[in-house]
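Bear in mind these aren't lab numbers, they're just calculated from the coordinates by the rules spelled out. Quick caveat, the model's predicted, so the values are computed rather than measured. Every residue, glycine as well, gets a Cβ built from its backbone with ideal geometry; the counts of neighbours run over all protein chains shown.
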Number of protein chains: 2
Amino acid sequence: MNSMEKPKLEVCLSPALLHLYDTKGSVVVIIDIFRATSTITAALHNGAACVVPVATVARCIELGSTIEGSITAGERDGRVAEGLQHGNSPLEYPADFVKGKKLILTTTNGTRLLHMVEDADTIVIGSFLNLRAVCAYLINRGKNVLLGCASWKDRVNLEDTLFAGAVVQEIGASFDINCDSARAARVLYERASSEGLIEFLSDSSHYRRLSAFGLVHDMEYCVSLDLHPVVPVLYGDEIQVFHP
Amino acid sequence: MNSMEKPKLEVCLSPALLHLYDTKGSVVVIIDIFRATSTITAALHNGAACVVPVATVARCIELGSTIEGSITAGERDGRVAEGLQHGNSPLEYPADFVKGKKLILTTTNGTRLLHMVEDADTIVIGSFLNLRAVCAYLINRGKNVLLGCASWKDRVNLEDTLFAGAVVQEIGASFDINCDSARAARVLYERASSEGLIEFLSDSSHYRRLSAFGLVHDMEYCVSLDLHPVVPVLYGDEIQVFHP
């Protein structure tokens, strides 16, 4: 296959840069490693019926009161937000708790990005917990791909960039890449995977912030590879495990 | 000195992210390696009286016709723009040509960023050609520093990011750094300097674009370290060599 025939793969390092990319018709992978997309991946693999991402705590409470068998979840400043039942940790949603339930989740950065790319062909949730499953899905779809980092309040962050780099390393050869952010992400991932992801991240802004909340174990979990090999896809307002 | 007392150093990877940073009171380093800030550095070290950065070709022509001893310069799509006299290559401005003259320069990305940070304490021009001179200046000033990548039409690019990384590597220890972009830039520079800067950049978007215009030698020149050890600073509308 000639490189001109390959689909494109690009990396957007912050929602504030999203206008530079053409999301229409592309598969967009939403990346919010610490911790929304990790939590969504874990909850769905553990049997949640779906995850409903919402932008605000108020909307989360509202939906929770109307949807039977739902769990409301979300944090603000590292704690369960007032009025919600649970937090934003992938470890809070084991199978015996989450199976069959609808998780109504509000997050600061991930949810916002998700609503910004509504013209995409498909919106997929990516995390280290489902890296290879997402990569296999992207290869099978054969469409243009945009890896969208949720970042932290629009600031580029290392952990989301690293995940983008992991995808580029894994499947970049099957795509046409003319995007310096993708090249940079790959180089960063190569360095981080040789050092150990959590060691590499231990000086990052988000690690500093979350470790002050006692969430080191959470972060270690979030950078574990392929523990939850499902592909969460947005169908309407719900994120469900991909069904062809 | 306690780390809390050090000034801050941050890296902004694209003008589209500039609103996330506080430029007021900071020293902002404008970075447009291919090729505006490299050209400005070379022209001033070779004796140009000043460089006047302007946003448009029309303004460049207008100023050129009113300022005695001026040279108008700027490119669009790799060629001297219509109505201007010279291009945007550091190699076009040797001492025997540029000495004592005022260079009126229009560039696509660098000039725009420069006008976006007008509330900064000082605006400095950075390039590999004056890396150590700029670093020494930043240390001496002892103020907060923002390294501002001009990027390419707001897209993050490797060459500007690498220069930011070089500065972080050189003087980061003297600053308080809580900025993942700075960390990423440094890791990228470490890798690039071990491979060779131009080799590392040879797959980048800008290298591909400019090499199609026959500008490989230009780019090699632009990543040479410390050939023009001056510190260009914006005074009013003119960039001149720093004078305390």
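All other residues with a Cβ under 11 Å from the Cβ of A:Asn157 taken together, and with Lys, Arg as +1 and Asp, Glu as -1, what is their net charge? Spell out each step's value before the answer.
Numbers: positive: A:Lys153, A:Arg155, A:Arg209, B:Arg183; negative: A:Asp32, A:Asp154, A:Glu159, A:Asp160, B:Asp180.
Counting the neighbours of A:Asn157, the net charge comes to -1.
By a straight-distance test (C-alpha under 15 Å), which aspartates and glutamates pair with B:Lys6 as possible cross-link partners, with residues fewer than eight away in the same chain excluded?
In chain and number order, the partners are B:Asp176.
Quick check: the distance between the Cα centres of segment A:125-144 and segment A:208-244, to the nearest angstrom?
About 14 Å separates the Cα centre of segment A:125-144 from the one of segment A:208-244.
For A:Lys8, go through the lysines and keep the ones whose alpha-carbon is under 28 Å away, minus same-chain ones fewer than eight residues off.
A:Lys24, A:Lys143, A:Lys153, B:Lys153
Which of A:Asp176, A:Asp96, B:Asp237, B:Asp218 comes first, and how do the rest follow, when ranked by fewest Cβ neighbours within 10 Å?
Result, fewest neighbours first: A:Asp96, B:Asp237, A:Asp176, B:Asp218.
Got the A:Ser174 label distances to the other copies yet, label 7 Å along Cα→Cβ, in nm, shortest first?
4.9
As I understand it, the value is the acute angle between the Cα axis of helix B:180-195 and the longest principal axis of the Cα atoms of chain B; what does it come to in degrees, rounded to 10?
On a 0 to 90 degree scale, this one is about 70.
Provide the packing ranking of B:76-85, A:111-120, i.e. peptides ordered by the mean count of other C-beta atoms within 10 Å per residue, highest first.
A:111-120, B:76-85
Determine, at each q value in 0.08, 0.09 (inverse angstroms), the log₁₀ of I(q)/I(0) that the Debye formula gives when each Cα of the protein assembly as shown is one equal point scatterer.
Those come out to -0.52, -0.64, one per q.
Quick one: Karplus J couplings for segment B:199-214, per residue in order, coefficients 6.51, -1.76, 1.60, θ = phi - 60°, nearest Hz, x for Gly and Pro?
5, 4, 7, 5, 9, 7, 4, 6, 4, 4, 5, 6, 5, 5, 8, x
Show the residues, 5+ positions off or on another chain, whose built amide H is closer than 5 Å to the amide H of A:Leu147.
Those qualifying (amide H under 5 Å, at least 5 residues apart or on another chain) are A:Glu10, A:Val11, A:Cys12, A:Val29.
For segment B:8-241, what is the charge dipole size about the Cα centre, in debye to the nearest 20, if Lys and Arg each add +1 at the Cβ and Asp and Glu each add -1 at the Cβ? Spell out each step's value before the answer.
Values: 20 positive and 28 negative charges, 22 e Å.
Here segment B:8-241 has a charge dipole of around 100 debye.
Can you tell me the 0 to 90 degree angle between the C-alpha axis of helix A:158-171 and the longest principal axis of chain A, rounded to 10?
Here the helix axis deviates by roughly 50 degrees.
Using just the helices of the protein assembly as shown, give the 222 nm mean residue ellipticity in deg cm²/dmol: DSSP H runs with n ≥ 4 each add -39,500 (n - 2.57), and the total is spread over all residues, rounded to 500.
Taken over the protein assembly as shown, the calculation gives -10500 deg cm²/dmol.
Compute the separation of the alpha-carbon centres of segment A:1-75 and segment B:1-44 and state it in Å as a whole number.
33 Å
Between chains A and B there is a rotation axis; tell me the chain A residue with the nearest beta carbon and how many whole Å away it sits.
Nearest residue, distance rounded to whole Å: A:Ala16, 3.
Loop-only check: which trypsin sites (Lys or Arg not before Pro) in segment A:154-244 are DSSP coil with at most 15 other Cβ within 10 angstrom?
none
So for chain A, averaging the separation of alpha carbon pairs under 8 Å that are six or more residues apart and normalising by length, what relative contact order in percent results? Don't skip to the answer; put the middle values down first.
Values: 508 pairs, mean separation 80.5, N = 244.
Rounded, it is 33 percent for chain A.
Fewest Cβ neighbours within 10 Å first, please rank A:Tyr189, A:Tyr137 accordingly.
Lowest count first: A:Tyr137, A:Tyr189.
Using a cut-off of 10 Å between beta-carbons, work out the net charge of the residues near A:Leu17 (Lys and Arg +1, Asp and Glu -1, A:Leu17 not included). Before the final figure, lay out the partial values.
Values: positive: B:Arg155; negative: A:Asp154, B:Asp154.
Local net charge: -1.
Provide a whole-number value for the mean count of partner chain Cβ atoms within 10 Å of the Cβ atoms in peptide B:182-189.
5
Inter-copy label distances at B:Ile67, 7 Å along the Cα→beta-carbon direction, one decimal in nm, shortest first?
Relative to the other copies, B:Ile67 has label-point distances of 6.1 nm.
Once you list every other residue whose beta carbon is under 14 Å from the beta carbon of B:Pro229, what net charge do they have if Lys and Arg are +1 and Asp and Glu are -1? Each step should come with its number before you reach the end.
On the way: positive: B:Arg132; negative: B:Glu170, B:Asp226.
After counting each charged neighbour, the total is -1.
In nm to one decimal, list the spacings between the A:Pro244 label point and its equivalents in the other copies, with label points set 7 Å along Cα to Cβ, shortest first.
7.2
Given 37 °C and 0.692 mPa s, how large is the Stokes-Einstein diffusion coefficient of chain A in µm²/s, with Rh as the Kirkwood radius over Cα pairs?
185 µm²/s
Which order results if B:Thr106, B:Thr23, A:Thr56, A:Thr161 are arranged by neighbouring Cβ count within 10 Å, fewest first? Kindly include the intermediate steps, with their values, before the conclusion.
On the way: B:Thr106 26, B:Thr23 21, A:Thr56 12, A:Thr161 29.
Fewest to most other Cβ atoms nearby, the residues stand as A:Thr56, B:Thr23, B:Thr106, A:Thr161.
Which Rg and Dmax, in Å, describe the Cα atoms of segment A:88-192?
Spelled out, the Cα radius of gyration and Dmax of segment A:88-192 are 14.9, 45 Å.
Against the longest alpha carbon principal axis of chain A, how many degrees, from 0 to 90 and to the nearest 10, is the axis of helix A:57-66 turned?
60 degrees
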